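*Asks:* Sharing a structure with you now.
The values are calculated or read from the model by the stated rules, or taken from the named source; none is laboratory data. All figures in this text were calculated on a predicted structure; none of them were measured in a lab. Backbone-built Cβ (ideal geometry, glycine too); neighbour counts: all protein chains shown.
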Amino acid sequence: MPNWDHVVYRDNDIDYYVPSLFYLSPTFQTTVPCFVCDLSYHFKRSKTITQKYYSGEQDAWLYGNYPISSVEVLGCVVGWKWKLIGERDNAMFKLDDSTREPQGPPTLLNVKCSKGVVLRSGLPLADLSGWTLKLVGQMNRFAELDVQSVKICSELQDEIEFWHRAIKWRKKLSAPWTVEKAVLDRVCAPTSEAPSSTYTFVQWLEQQHYQREMKIAEDYSEEPREIVLPFKHVSQDMVLDDRGAKLGPQTGCCEKTQIKKLEVHARTRASELVETFGQVAGPRISIHDYVRHVLDHLLTQNRIEVSTLNTFRSPGPLRVLRRVAAQRARRQARPVDEIASSIFADVLQRLACAGLISVFAQGRILNLRVLKNCDDYVAQRIAALVKLRSYTGKIDFRRACDLFGLARSAPLDRLLVDLHKRALRRLAAASDTPLQSWWIELAGPTAAFVRFEYHRDPVPLAPG
């Protein structure tokens, strides 16, 4: 008797798979070029299917039975206007590519594009009605395309090239997506044992995630309890610095002569703790770069509790992780996947040991409450210092640890510095910020200083 546990819904011999199998689709982590008519038709149909057969809010919508997260469209702008949503200005318009759904009028796509994306793309803050644009973005729950990048199409050759790619993908997506039985047997094989190595940890999470989706009911009468991550900790030192650098005193003391000397040579220092806004990273990727991407991913999540498996699969951090693992594979006689899983496990272990995250449900769930509280505190403090146009701010590691009830350690100090760097980068990237550049200097084992430089205010012209 065939097993249909991996199928959520079947329609005319087309299988709609459980979300834990979406990563096997050829559209996973791929930007798919679409015609507006196809996008509109399949998105409306997907909304009906997902609301009826899929529980919770999905990260992807369905084109047929293919999961889609990012799309690319090209067309003419119609009805441009600005709208304030929350505290952000957004350009709201429709996109027309002269296609239409069967037996219907020309289909228009609703588009939302933030002011920041418009500025980054080099477009004027004016009415762009009539312009031909190529947009990349994600569909939101209001059936709008949230734009992530914009490109002006002024050449007919660019439009023809896009049409060829869209037609090729339309033909490819017209055939239903199927997962081979051998792959299903491997991915969906039942198991209840914890992994025996860091490599099988990620595979074990995938299997546990699949089995959890198959359960109709589960006993939640017991209180959730915090447990140890189900993997062996290999090396904590490699998490924060690929070269084994330790967080220690850099200036020794805070005498005025030493501080002045540091200010003069701040931009020439090679230390990782000194960073100027606009600094270009080298071609080599370190573990510290991966930690930064993981922190960015966790802090952009709307929920306090997130999936460990989804954190591992997140496209941005995963790309960095693979590069780091590939670099190490050249020096070690180990598979890249095994190294990547080991690094991921170590990063989670370090964040948990520092007290910034908590781990539940046998390693499947991460609680981010403390991490988000720390990030909010750091962001508000940096914003206040910049608003007051302070030239120096102090990072007091002991005070921060006491404030959140954390035990002080060198790795935690380094993570607190990373949170300050993140807040400074975000503030410096804002279009209306007075901040021109910044850098961080260590001032002993218990504190560090943030140095600020600001844009000069324009000097008013004398009358006459």
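Residue-by-condition table, conditions (1) out of contact with any helix residue (DSSP H, G or I) (no Cβ under 8 Å at 6 or more places or on another chain); (2) at positive phi; (3) modelled with pLDDT under 80:
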{"position": "His420", "(1), (2), (3)": "no, no, no"}
{"position": "Ala430", "(1), (2), (3)": "yes, no, no"}
{"position": "Glu453", "(1), (2), (3)": "yes, no, no"}
{"position": "Val459", "(1), (2), (3)": "yes, no, yes"}
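*Asks:* Restrict the check to the range 423-440 and report whether at least one residue is closer than 16 Å to Ile357 by Cβ and in a helix (DSSP H, G or I).
*Replies:* No, because not a single residue in the range 423-440 is closer than 16 Å to Ile357 by Cβ and in a helix (DSSP H, G or I).
*Asks:* Now for a separate question. Name the pairs: first residue in the range 275-300 and closer than 13 Å to Ser314 by Cα, second residue of a type in the set (Gly, Ala, Ser) and at pLDDT below 90, Cβ to Cβ under 7 Å, at least 6 apart or on different chains?
*Replies:* His293/Gly316; His297/Ser314; His297/Gly316
*Asks:* Which of the following residues is charged (D, E, K, R), modelled with pLDDT under 85 and surrounded by fewer than 17 Cβ atoms within 10 Å (Cβ to Cβ): Arg319, Arg284?
*Replies:* Going through Arg319, Arg284 in turn, the sole match is Arg284.
*Asks:* Take the residues of the range 383-402 that are within 28 Å of the chain's Cα centre (by Cα) and of a type in the set (A, V, I, L, M): which is surrounded by the fewest Cβ atoms within 10 Å (Cβ to Cβ)?
*Replies:* Per the stated criteria, the residue is Ala384.
*Asks:* Checking the structure you have, find out if any residue of the range 76-94 is surrounded by 17 or more Cβ atoms within 10 Å (Cβ to Cβ), under 24 Å from the mean Cα position of the chain (by Cα), within 30 Å of Ser25 (Cα to Cα) and not hydrophobic (A, V, I, L, M, F, W, C).
*Replies:* No, because not a single residue in the range 76-94 is surrounded by 17 or more Cβ atoms within 10 Å (Cβ to Cβ), under 24 Å from the mean Cα position of the chain (by Cα), within 30 Å of Ser25 (Cα to Cα) and not hydrophobic (A, V, I, L, M, F, W, C).
*Asks:* A follow-up question, please. Can you confirm whether the range 332-340 contains a residue that is buried (at least 21 other Cβ atoms within 10 Å of the Cβ), in contact with a Leu (Cβ under 6 Å, 6 or more places away or on another chain) and of a type outside the set (Lys, Arg)?
*Replies:* Checked against the condition, which is being buried (at least 21 other Cβ atoms within 10 Å of the Cβ), in contact with a Leu (Cβ under 6 Å, 6 or more places away or on another chain) and of a type outside the set (Lys, Arg), the range 332-340 yields at least one hit.
*Asks:* Looking only at the range 95-122, which residues are out of contact with any helix residue (DSSP H, G or I) (no Cβ under 9 Å at 6 or more places or on another chain), within 18 Å of Leu145 (Cβ to Cβ) and either crowded, with 18+ Cβ neighbours inside 10 Å or of a type outside the set (Gly, Ala, Ser) (or both)?
*Replies:* Hits for the range 95-122 are Asn110, Val111, Lys112, Cys113, Lys115, Val117, Val118, Arg120.
*Asks:* A further question follows. Give the residue, chosen from Ala143, Ala126, that is in a loop (DSSP other than H, G, I, E, B), touching a Ser or Thr at 6+ places or on another chain (Cβ under 9 Å) and surrounded by fewer than 19 Cβ atoms within 10 Å (Cβ to Cβ).
*Replies:* None of the other options fit; the residue is Ala143.
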